[in-house]
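Below is one structure, written out as structure tokens; the observations come after it.
The values are calculated or read from the model by the stated rules, or taken from the named source; none is laboratory data. Bear in mind the structure is a predicted one, so any value in this text is a computation, not a measurement. Methodologically, a virtual Cβ is constructed for each residue, glycine included, from the backbone with ideal geometry; neighbour enumeration extends over all protein chains shown.
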Amino acid sequence: MDVRSDGGTGDRGGAVPPERFAGDLFLQLARRGWLVLEPARAQGVIDELERTLDEVRSRLRKLELSRKLRDAAGDQVAPDVDRIVVDAVFAGQLNADSWERALVELPKYIEAMRIAGRNAGEPR
């Protein structure tokens, strides 16, 4: 069975690709008490997710800086610098939607893990 972040279940008939992020689903599971982690394990996951979020923010800042530098320099960019900027912008454009989506979804994962850690101490 397919469980989607919108709360629906069942087969989508293959028409829609699988979701790459499931922050809403994790939050829903945690809030219902169905996602439970020992507090120490939850904190370890949170720490990793926060490091990932920091890296995503860093990459998006670099992408934006690359765009601004390229726009400001116009045709006056040295070839070696131009290559670095072009590579950064190209890589960023390929991943920009994913990076921006991660900025929205990772905090949901972090909150879900916090709730899941608290759920370990609650009777079910």
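General remarks:
- Residue within region 31-42 that is at pLDDT 95 or above, surrounded by 14 or more Cβ atoms within 10 Å (Cβ to Cβ) and on the phi > 0 side of the Ramachandran plot present: yes
- Of all residue pairs spaced 6 or more apart or on separate chains, none has beta-carbon atoms under 7 Å together with a first member in region 46-60 that is touching a residue at least 60 places away in the same chain (Cβ under 8 Å) and under 20 Å from LEU27 (Cα atoms) and a second member that is aromatic (Phe, Trp, Tyr) and outside any helix (DSSP H, G or I).
- Just one of the listed residues (VAL85, VAL56) is among the hydrophobic types (A, V, I, L, M, F, W, C) and modelled with pLDDT under 70, namely VAL85.
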